[in-house]
Amino acid sequence: MTGTDGTLTGKAMTLTSGEPHGGLTVAFWATLKRDLVLLLRRRSEVMNPLVFFAIVITLFPIGISPDPQLLAAIAPGLLWVAALLAALLSLDSLFRADYDDGSLEQLLLTPQPLALLALAKVAVHWLLTGLPLALMAPLLGIMLALPAGSYAVLAVSLALGSASLSLIGAIGAALTVGLSRGGVLLSLLVLPLYIPVLIFGAGAVQAAILGDGVMAHLAILGALLALALILAPLAIAASLRISING
Amino acid sequence: MPFLERAVSLRLQARNLACERDDRWLFRELDLDIRTGEIVRVEGPNGSGKTTLLKILSGQLADYEGDLFWDDRPMRDARESFLTNLLYLGHAPGVKAALTPLENLTWYQAIAGQPRDEAARYAALEDVGLAGFEDLPAGQLSAGQQRRVALARLVLTPRPLWVLDEPFTAIDRDGVNALEQRLVDHARQGGCVLVTTHHELTPCAELRRIRLGGGGLDDGN
Amino acid sequence: MWAFIHKLGSPKWFYGISARLQPWFWVAALILIVVGSIWGLAFAPADYQQGNSFRIIYVHVPAAFLAQSIFVSMAVSAVIFMVWKIKIADMAAAVMAPLGAAMTFVALFSGAVWGVPTWGTWWMWDARLTSMLILLFLYLGVIALRGAFTSRDSASRAASVLAMVGVINIPIIKYSVDWWYTLHQPATFTITSRPTMPMEMWLPLLIMVLGFYSFFIALTLMRTRSEILRREANKRWVRELAGEAN
Amino acid sequence: MAFDTLQDFFAMGGHAPYVWAAWGVTAALLLGTVIHARAERRQLLRQLARRVRRESRLATRAAGAQPIQTSRGGSTNDA
């Protein structure tokens, strides 16, 4: 056996024990980088939620009326609901590819805490879905005659809110990864949990339009995010262990 | 090796293990005692619960009866040390098709807490006969070659306990011989292998068989 | 006639013949566009109503024409590929889509910008702009679908079917959007109904349109040749080509 | 010439931002597609050349080193 670094040649088998130092941060960044490379290699898939967001926004003026006054009144809510649905769209594939090719199994079998590795995957999902949606929203706000002054708040509230949406949605994705037709079920599980984020997100933009204080809404969005950051990874890890057995 | 090392014999025990799958017993009162220097082959017809047993022993599956011990400690307490010493290769090779073999191994090195050593990755791929294919997306490799990328982990991240689920699938004749030799060497150097395979392993001192056929150990029905 | 079609279908023959045709179209495109631009920007008279913002017509109309005709030619290539199994047709269709999307975006952007002085906003749900926006989504759909398959052959067939379905829907979308627009007819001036233009206004426009079309042909020839290199990489004649190239 | 001075030409009678924005985006996209097409072609030729070199290297190594090999590479791994 051409031992590459000693342990296998001659010496009795050594039992490594204890947490290899620095393992967690290295594992976290490696998982994050791996997922980033994976998603960027299929750039068209990163575009799909954005095009979906644009199309859904286009449907409303056609469906309702192109009258700018009417559109301006409903713009904040429309933008938030459409962004929320677009983020939901790409959640299904969060763990499915890893489940199919066996790397999810390996993720479960590392000594590193699964919750934080799952957090790395969710972070990549937010970076390539939530953030682009937030940056694109002002552009679509123009098409809905969104009143001036609320564009920045729209982007900030969406960026903040979509992080919680990714975390909460990932729990649903982890629960349904083993099921073959998990897509629809995923949205049924997760949409009710999205409602608080939607209320304060759309509320923030509405407040910006009316000129009232925006900080209260954004603060609550931040609190929701903090809560999700602490609890969601644990729930994701537990759900992955459950659904790995199919 | 940056870890705390102490040479001691490995021991994975299971006491009256039982597992029920869609209301039929896969196996019952199954006692196992797997030690250093052994190659334990789990045999049995399709659907006799071989993979399920491996999943239970590797801690992936929770709904079973009976107790597991690692290093003479209950598995619940010794879980982290167990995972640090385990190398599990499942049915699916765990190789991402969009990544190159090198990138796949980089990730495996990282989650195994190994130093980021490029040379080790190239050596591991050379060792399993993938020289020249290191930077090709794994999706363009054959099934056998993708399996070899997974097998490269045996060299890349040396771990005492190997749990291998059908490692010979899609491997050509040369590969099978080399892998068999590698299992024997691993056992001889104090490691321990638990493997399921339909391939007839050449008998050797280290080899031991466990037969699953429904209804518990070695009753063969 | 039949032999000619199949001869045209052989990538090797096409690779050679297109190399000779291509420069002519590049030169024609360059001359026509430069002459048309200078004439349209500097010499053509300004519109008595819209003033100089009218000069945007010299990019807006050619891009809009090209956007529509590229989709049609993509659909025609799709038919040729599906019916006569001529791979070159599919390569051309694959290569046309991105340029079509780019031209649609140009038409969309220039149309919206042109409307700013008259409507005061960057976007107006005007009939032609809305149809153009939907055409852009059709293009993005075809491009995304072609990119989604791992096996190239099913990708080509799927994209061809979608192109054919799309081209049938373009007139339907156009008329329904026009009807929708007249239903919500805001009382503002629309740029769709233009008074007949004097000769010195539409002549540069004609030159620009011809310039854009020859640009389209030249670029399609060039990118189809690249697509041949990508798809026929394991053919001997391509290997020799690569061998002597470096 | 519809404009008296070059300066008027650029001012476009007050519509400068709109006209030049529209024409700028058009020029950018036209040039962009051309540059992309040329880069794509160069990259494909380079990729092709690398593949030809790799195949010939593997073929010579396979023929030279281990006679029992398939031509597609994959040397014996006498671990």
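The values are calculated or read from the model by the stated rules, or taken from the named source; none is laboratory data. The shown structure was predicted, so the numbers you read here are calculated from the model rather than taken from an experiment. With ideal geometry, Cβ positions are generated from the backbone for all residues, glycine too; neighbour counts draw on all protein chains shown.
Looking at (1) closer than 22 Å to A:Ala238 by Cα; (2) touching a Lys or Arg at 6+ places or on another chain (Cβ under 6 Å); (3) more than 7 Å from every other protein chain (Cβ to nearest Cβ); (4) not polar (S, T, N, Q), can you tell me which one B:Leu61 breaks?
So B:Leu61 meets the others, but not (3).
Only one residue in A:Ile230, A:Ile220, A:Ile209 is more than 14 Å from every other protein chain (Cβ to nearest Cβ), out of contact with any helix residue (DSSP H, G or I) (no Cβ under 9 Å at 6 or more places or on another chain) and modelled with pLDDT of 90 or more, so which one is that? Spell out how you get there, then give the answer.
On the way: A:Ile220 fails: out of contact with any helix residue (DSSP H, G or I) (no Cβ under 9 Å at 6 or more places or on another chain); A:Ile209 fails: out of contact with any helix residue (DSSP H, G or I) (no Cβ under 9 Å at 6 or more places or on another chain).
Only one candidate qualifies: A:Ile230.
Within the range C:85-101, can one find any residue that is touching a Gly at 6+ places or on another chain (Cβ under 7 Å) and not in a helix (DSSP H, G or I)?
yes
Quick one: what pairs do we get from the range C:25-37, first residue more than 24 Å from D:Met1 (Cα to Cα), second buried (at least 17 other Cβ atoms within 10 Å of the Cβ) and aromatic (Phe, Trp, Tyr), C-beta under 9 Å, 6+ apart or different chains?
Matching pairs, first to second residue: C:Phe25/C:Phe215; C:Phe25/C:Phe216; C:Trp26/C:Phe215; C:Ala28/C:Phe215.
Can you pull out the residues in the range B:83-120 that are free of Cβ contacts under 8 Å to residues at least 60 places away in the same chain, more than 19 Å from A:Phe28 (Cα to Cα), surrounded by 23 or more Cβ atoms within 10 Å (Cβ to Cβ) and more than 8 Å from chain A (Cβ to nearest Cβ)?
Result: B:Pro101, single match.
Return a yes/no flag: does the range C:36-59 have any residue that is over 18 Å from the mean Cα position of the chain (by Cα) and under 20 Å from C:Leu219 (Cα atoms).
Yes.
With respect to A:Phe28, is the statement that it is under 17 Å from the mean Cα position of the chain (by Cα), closer than 30 Å to B:Leu136 by Cβ, crowded, with 22+ Cβ neighbours inside 10 Å and modelled with pLDDT under 95 true?
On the way: under 17 Å from the mean Cα position of the chain (by Cα): yes; closer than 30 Å to B:Leu136 by Cβ: yes; crowded, with 22+ Cβ neighbours inside 10 Å: no; modelled with pLDDT under 95: yes.
Considered against the rule, which asks whether it is under 17 Å from the mean Cα position of the chain (by Cα), closer than 30 Å to B:Leu136 by Cβ, crowded, with 22+ Cβ neighbours inside 10 Å and modelled with pLDDT under 95, A:Phe28 comes out as no.
What is the number of the single condition among (1) in a helix (DSSP H, G or I); (2) more than 9 Å from every other protein chain (Cβ to nearest Cβ); (3) farther than 23 Å from C:Tyr139 by Cβ that A:Phe53 does not meet?
For A:Phe53, the failing item is (3).
Residue under question is A:Ala173, and the condition is that it be modelled with pLDDT of 90 or more, assigned to a helix (DSSP H, G or I) and crowded, with 17+ Cβ neighbours inside 10 Å; does it hold? Can you show your working first?
Working: modelled with pLDDT of 90 or more: yes; assigned to a helix (DSSP H, G or I): yes; crowded, with 17+ Cβ neighbours inside 10 Å: yes.
In short, yes.
Looking at C:Ile143, C:Ile168, can you tell me which residue is away from every other protein chain (no Cβ under 12 Å), under 23 Å from the mean Cα position of the chain (by Cα) and in a helix (DSSP H, G or I)?
C:Ile168
So is C:Ala78 under 17 Å from D:Thr26 (Cα atoms) and more than 9 Å from every other protein chain (Cβ to nearest Cβ) or not?
On the way: under 17 Å from D:Thr26 (Cα atoms): no; more than 9 Å from every other protein chain (Cβ to nearest Cβ): yes.
For C:Ala78, the condition - under 17 Å from D:Thr26 (Cα atoms) and more than 9 Å from every other protein chain (Cβ to nearest Cβ) - is not met.
Do you know which residues across the range C:103-142 are under 16 Å from D:Trp23 (Cα atoms) and among the hydroxyl-bearing types (Ser, Thr, Tyr)?
Answer for the range C:103-142, where residues must be under 16 Å from D:Trp23 (Cα atoms) and among the hydroxyl-bearing types (Ser, Thr, Tyr): C:Thr104, C:Ser110.
Taking C:Met91 and the conditions (1) at the interface with chain A (Cβ under 10 Å from one of its Cβ atoms); (2) surrounded by 24 or more Cβ atoms within 10 Å (Cβ to Cβ); (3) not β-branched (Val, Ile, Thr), which numbered condition does it fall short on, given that it satisfies the others?
Among (1) at the interface with chain A (Cβ under 10 Å from one of its Cβ atoms); (2) surrounded by 24 or more Cβ atoms within 10 Å (Cβ to Cβ); (3) not β-branched (Val, Ile, Thr), C:Met91 violates only (1).
What number goes with the only condition from (1) over 30 Å from D:Arg61 (Cα atoms); (2) over 13 Å from the mean Cα position of the chain (by Cα); (3) more than 9 Å from every other protein chain (Cβ to nearest Cβ) that B:Val149 does not pass?
(1)
Within the range C:63-121, which residues are without any contact (Cβ under 8 Å) to a residue 24 or more places away in the chain and of a type in the set (Phe, Trp, Tyr)?
The one that is without any contact (Cβ under 8 Å) to a residue 24 or more places away in the chain and of a type in the set (Phe, Trp, Tyr): C:Phe109.
Given the conditions (1) assigned to a helix (DSSP H, G or I); (2) over 23 Å from A:Gly201 (Cα atoms), report the number of the one that A:Pro61 does not fulfil.
Just one mismatch for A:Pro61, condition (2).
I need every pair where a residue in the range A:220-246 that is in a loop (DSSP other than H, G, I, E, B) has its Cβ under 7 Å from the Cβ of a residue that is buried (at least 16 other Cβ atoms within 10 Å of the Cβ) and modelled with pLDDT of 90 or more, sequence separation at least 6 or different chains.
A:Ile244/A:Leu104; A:Ile244/A:Glu105; A:Ile244/A:Leu108
Which residue pairs have Cβ atoms under 7 Å apart, sit 6 or more places apart or on different chains, and have a first residue in the range A:92-112 that is at the interface with another protein chain (Cβ under 9 Å from one of its Cβ atoms) and a second that is of a type in the set (Lys, Arg)?
That search, which allows pairs on different chains as well, returns A:Asp101/B:Lys96; A:Ser103/B:Lys96; A:Leu108/A:Arg241.
Have a look at C:Arg225, C:Arg194, C:Arg239 and point out the one that is at pLDDT 85 or above and not hydroxyl-bearing (Ser, Thr, Tyr).
Numbers: C:Arg194 fails: at pLDDT 85 or above; C:Arg239 fails: at pLDDT 85 or above.
Only one candidate qualifies: C:Arg225.
(1) among the β-branched types (Val, Ile, Thr); (2) outside any helix (DSSP H, G or I); (3) at pLDDT 95 or above: which one isn't true of A:Thr110, the others all being true?
Unmet for A:Thr110, out of (1) among the β-branched types (Val, Ile, Thr); (2) outside any helix (DSSP H, G or I); (3) at pLDDT 95 or above: (3).
Free of Cβ contacts under 8 Å to residues at least 60 places away in the same chain and more than 8 Å from every other protein chain (Cβ to nearest Cβ): does that describe B:Gln140?
Working: free of Cβ contacts under 8 Å to residues at least 60 places away in the same chain: yes; more than 8 Å from every other protein chain (Cβ to nearest Cβ): yes.
Criteria met by B:Gln140.
Give the residues of the range A:45-65 that are farther than 22 Å from A:Leu175 by Cβ and buried (at least 22 other Cβ atoms within 10 Å of the Cβ), sorted by residue number.
A:Phe53, A:Ile57, A:Pro61
Hey, any hits in the range B:156-172 for a residue that's among the aromatic types (Phe, Trp, Tyr), out of contact with any strand residue (DSSP E or B) (no Cβ under 6 Å at 6 or more places or on another chain), facing another protein chain (nearest Cβ under 10 Å) and outside any helix (DSSP H, G or I)? Walk me through it before giving the result.
At the first step, the residues of the range B:156-172 found to be among the aromatic types (Phe, Trp, Tyr) are B:162, B:168.
Right, trim to out of contact with any strand residue (DSSP E or B) (no Cβ under 6 Å at 6 or more places or on another chain) and you get B:168.
After this cut, where a residue has to be facing another protein chain (nearest Cβ under 10 Å) as well, the list is none.
No: zero hits.
Does the range B:121-130 contain at least one residue that is out of contact with any helix residue (DSSP H, G or I) (no Cβ under 8 Å at 6 or more places or on another chain), closer than 20 Å to B:Leu183 by Cα, more than 8 Å from chain A (Cβ to nearest Cβ) and crowded, with 17+ Cβ neighbours inside 10 Å? Explain how you work it out, then say what you get.
Going residue by residue through the range B:121-130, those that are out of contact with any helix residue (DSSP H, G or I) (no Cβ under 8 Å at 6 or more places or on another chain) are B:126.
Retained after the next criterion (residues that are closer than 20 Å to B:Leu183 by Cα): B:126.
Filter once more, so that each one left must be more than 8 Å from chain A (Cβ to nearest Cβ): B:126.
Applying the additional criterion that residues be crowded, with 17+ Cβ neighbours inside 10 Å yields B:126.
Yes: the range B:121-130 contains one or more residues that are out of contact with any helix residue (DSSP H, G or I) (no Cβ under 8 Å at 6 or more places or on another chain), closer than 20 Å to B:Leu183 by Cα, more than 8 Å from chain A (Cβ to nearest Cβ) and crowded, with 17+ Cβ neighbours inside 10 Å.
Inspect the range B:165-172 for any residue being at positive phi, surrounded by fewer than 18 Cβ atoms within 10 Å (Cβ to Cβ) and in contact with a helix residue (DSSP H, G or I) (Cβ under 8 Å, 6 or more places away or on another chain) and give the result as yes or no. Spell out the reasoning first.
Going through the range B:165-172, the residues at positive phi turn out to be B:166, B:170.
Pick out the ones that are also surrounded by fewer than 18 Cβ atoms within 10 Å (Cβ to Cβ) and you get B:170.
Filter again for in contact with a helix residue (DSSP H, G or I) (Cβ under 8 Å, 6 or more places away or on another chain), leaving B:170.
Yes, that holds for at least one residue.
Starting from residues that are touching a strand residue (DSSP E or B) at 6+ places or on another chain (Cβ under 7 Å) and not in a helix (DSSP H, G or I), keep the ones in the range B:47-58 and report whichever is surrounded by the fewest Cβ atoms within 10 Å (Cβ to Cβ).
Taking the range B:47-58 first, the residues touching a strand residue (DSSP E or B) at 6+ places or on another chain (Cβ under 7 Å) are B:48-54, B:56-58.
From the residues that got through so far, the ones that are not in a helix (DSSP H, G or I) too are B:48-49, B:58.
On the way: B:Ser48: 19, B:Gly49: 22, B:Ser58: 22.
Looking at the filtered set, the residue picked out is B:Ser48.
Can you find a residue in the range B:52-70 that is free of Cβ contacts under 8 Å to residues at least 40 places away in the same chain, over 21 Å from B:Ala18 (Cα atoms) and more than 18 Å from the chain's Cα centre (by Cα)?
No.
Any chance you could count how many residues in the range C:138-180 are free of Cβ contacts under 8 Å to residues at least 12 places away in the same chain and either farther than 27 Å from A:Pro66 by Cα or crowded, with 17+ Cβ neighbours inside 10 Å (or both)?
Qualifying residue count for the region: 10.
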